[in-house]
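Engineer: Here it is, the structure in full.
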Amino acid sequence: MDDNFSNSQNVRKTVIATRGGVVAAQHRLAAEAGAAVLENGGDAIDAAVATSFALGVVEPWMSGPAGGGCMTVWRADESRAYTVNYGMRSPAALDPANYPLSGSGRSSDLFPWPAVTGDRNVQGATAIAVPGVVAGMALAHERFGRLPWRDLLGGAIGLADQGLLVDWYSALLMASSARALALDPDAASMFLEDGHWPIIGGWTALSEKRLNQKVLAQTLRQIAELGAGALYTGDLASAMVKDVRDKGGCLSMSDLASYRAEMVDPLVIPYRGHHLFAPPGLTAGPSLRDCLDMLAPGLSPQPGAPGADSYLAYARALDAAFRNRLEHMGDAEAPHAPSCTTHFSVVDRHGNLCAATQTLLSIFGSRVVSPSTGMLMNNGIMWFDPEPGKPNSLGPGKRCLANYCPVVGQDANGRQFALGASGGRKILGTVLQISSFLLDHGLSLEQAFHQPRIDMSGGATLIADRALPAEVLGALSQAFPTVTTRRTVFPYAFACPAAVLRENGMNMGCTEIMSPWGDAVAERTSA
């Protein structure tokens, strides 16, 4: 892959240890909202709730209350892990016959499904699935939270009242989807100038522009005061359903009222004297287990940066795991699809950890805004194969198969981490490699996040970071068709991770080094 970037440019993020809690998120303002909750005596789950809702404001094209996701939690007082699954579901009234194949090639978005007439499974209200984020956050808070629910949404409400600042990065993302956003008048009103052109900030900081998120702020106030049920059974739910149905979708009040997030036991994966806890079911957790089972007997790592043997082992394990996933789970997401999800990780001063991944699926989801609620809606229906008779075929009332993989890890010496990433099928390889960097090679968190990675996510071609040593690139090229590229700000050739780590009572966090917004924020403490 050719590029035009400077060879002399060097990007780094510094990891600082603290005895206080830490939130690592794809947007610093959301991490600050979570860290403020920790400062007020909140649990890691309280901070996760605050971070989740704040991300829906400052990174609305990636996730939000109308999205879905999953978290893996470690409870220090119980010495055990949990998974909370709040993935999307297809509406009960969904009729596969309303998604006829067009016979004109493949879908234009993340998944190489056969194209559906009018992209009804990709774009617009017909692509909207039942959301789960609010229910998932409420379930985790009910079980583990310490602070009142209403107090946790204050940061997000304040950010929505103010409106997201349109800087160069947000302008770039809005410009990348301007044509699709223009098809929905309410999405165009929120994200575009004159309904057609991307909003671009001024040339100086004194000429800033902000999105109008006042309606979203009112929605968040209702969820804060009335609880999560407001989005599933109350007036807010009724207004959202009416908006979706007015635009041609089939979401119903009964879909919302019957939705339940689930708290289940995670997969417990023993690995070379260490342990990882990963989500089960229709996630990338089972594929991570497959990879680790393949790595365990064949990898003989030495302390320090991984060499060619390790990278070859990663590539072979990922290649085999994705072949199995494609055959048995029906996950056919395009291997080079853009990042369109968000991930955050939290550790509190007591050693509780949380890794949470949530998404609208595509960037900007269905590109539909519910005008009564100010929420950007998901396009979870695109997760299903529109061809009948497949493992993941489109149907009513079905859970969506997803690629998120939030994990908690423990090494043999007691070091713990919470880790995950955004980036579709790229997530699995990133979680696998960073876990191995920490567990097998003994790297610090800072070293692990700066260590170059590869992507082998179901396609015939391996993508390697050009910063890898020549001997590693040579070995990979001999084993697989290989191209090289750089880690860049946009688009991402690799997934976008965020993690926290706890060692000897000290906490720290880090995010993808190329993410211009991502950061780890510690609670202010004198302890």
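Readers should treat all values here as calculations from the given coordinates under stated rules, not as data from a laboratory. What you are looking at is a predicted structure, and each value in this text was computed from that prediction instead of being measured. We place every Cβ from the backbone using ideal geometry, glycine too, and count neighbours over all the protein chains shown.
Engineer: Taking the Cα centre of each part, how many Å lie between segment 140-188 and segment 117-137?
Structural biologist: About 17 Å separates the Cα centre of segment 140-188 from the one of segment 117-137.
Engineer: Can you list residues from other chains, or at least 5 along the same chain, whose modelled amide H is less than 5 Å from the amide H of Asp385?
Structural biologist: Here the answer is Asn392, Ser393, Leu394, since their amide H atoms fall under 5 Å of that of Asp385.
Engineer: Contact order normalised by length for segment 406-527, with contacts defined as Cα pairs under 8 Å and 6 or more residues apart; what percent is it? Write out the running numbers ahead of the final one.
Structural biologist: Details: 182 pairs, mean separation 32.0, N = 122.
Relative contact order, segment 406-527: 26 percent.
Engineer: Starting at the first residue of segment 353-366, write each ³J(HN,Hα) from the Karplus equation 6.51 cos²θ - 1.76 cosθ + 1.60 with θ = phi - 60°, in whole Hz, x for Gly and Pro.
Structural biologist: Ordered by residue, 3J(HN,Hα) equals 10, 8, 10, 10, 10, 9, 7, 9, 5, 6, 4, 6, x, 7 Hz.
Engineer: May I ask for the Rg/Rh ratio of the chain, computed from Cα atoms with Rh as the Kirkwood radius, given to two decimals?
Structural biologist: On the way: Rg = 21.5 Å, Rh = 22.8 Å.
Rg/Rh for the chain comes to 0.94.
Engineer: Please tell me the relative contact order of the chain in percent, rounded to the nearest whole number, where contacts are Cα pairs under 8 Å and at least six residues apart.
Structural biologist: Answer for the chain is 25 percent.
Engineer: Using amide H atoms built in the peptide plane, which far-off residues or other-chain residues are under 5 Å from Ala115 H to H?
Structural biologist: Result for Ala115 returns Ser102, Gly103, Ser104, Gly105, Arg106, Ser107.
Engineer: Output the antiparallel fraction of DSSP beta bridges having both residues in the chain, as a percent to the nearest 5. Before the final figure, lay out each step's value.
Structural biologist: Numbers: 69 of 74 bridges.
The antiparallel proportion sits near 95 percent.
Engineer: Applying the Karplus parametrisation 6.51 cos²θ - 1.76 cosθ + 1.60 with θ = phi - 60° to the phi angles of segment 414-421, what ³J(HN,Hα) value in whole Hz is obtained for each residue in order, glycine and proline being reported as x?
Structural biologist: Each residue of segment 414-421 in turn: x, 5, 10, 8, 10, 9, x, 7 Hz.
Engineer: Using only the alpha-carbon atoms of segment 374-527, report the extent along each of the three principal axes, biggest first, to the nearest angstrom.
Structural biologist: Largest to smallest, the principal-axis extents are 56, 46, 33 Å.
Engineer: When the helices in the chain are scored as -39500 (n - 2.57) per DSSP H run of 4 or longer and the sum is shared across all residues, what 222 nm value do you end up with, to the nearest 500 deg cm²/dmol? Don't skip to the answer; put the middle values down first.
Structural biologist: Details: 16 runs with 168 residues, N = 527.
-9500 deg cm²/dmol, from helical runs alone.
Engineer: Also, quick follow-up: Quick one: check the C-alpha center-to-center distance for segment 239-302 versus segment 378-440, whole angstrom.
Structural biologist: 6 Å
Engineer: Follow-up. Rounded to the nearest angstrom and ordered from largest down, what semi-axes does the equivalent ellipsoid of segment 215-306 get from its C-alpha gyration tensor (root of 5λ)?
Structural biologist: Values: eigenvalues 396, 47, 36 Å².
Semi-axes, largest first: 44, 15, 13 Å.
Engineer: Hey, another quick one. Can you compute 3J(HN,Hα) from phi for each residue in segment 146-158, using the Karplus curve 6.51 cos²θ - 1.76 cosθ + 1.60 with θ = phi - 60°, rounded to whole Hz and x for Gly and Pro?
Structural biologist: 10, 8, x, 3, 4, 6, 7, 9, x, x, 5, 4, x
Engineer: Another question, then. To make sure I understand, if each residue's beta carbon is the centre and we count other beta carbons within 10 Å, what order do Cys510, Cys400 fall in, fewest to most? Could the numbers behind the result be given before it?
Structural biologist: Details: Cys510 29, Cys400 22.
Going from least to most buried by this count: Cys400, Cys510.
Engineer: Let me ask something else. Give the whole-number value, in cubic angstrom per residue, of the convex hull volume spanned by the C-alpha atoms of segment 13-66.
Structural biologist: Details: hull volume 3.9 nm³, N = 54.
It is 73 Å³ per residue.
Engineer: Dividing the convex hull volume of the Cα atoms of segment 447-520 by its residue count, what figure in Å³ per residue is obtained? Could you put the intermediate results ahead of the total?
Structural biologist: Numbers: hull volume 8.0 nm³, N = 74.
Per residue, the Cα convex hull of segment 447-520 comes to 108 Å³.
Engineer: If we count other beta carbons within 10 Å of each Cβ, what is the order of His141, His196, fewest first? Walk me through the numbers on the way to the answer.
Structural biologist: Working: His141 21, His196 11.
Going from sparsest to densest Cβ surroundings: His196, His141.
Engineer: Further question: Within a 10 angstrom radius of the beta carbon, how do Phe111, Phe144, Phe417 rank from fewest other beta carbons to most?
Structural biologist: Details: Phe111 25, Phe144 21, Phe417 28.
The fewest-first ordering by Cβ neighbours comes to Phe144, Phe111, Phe417.
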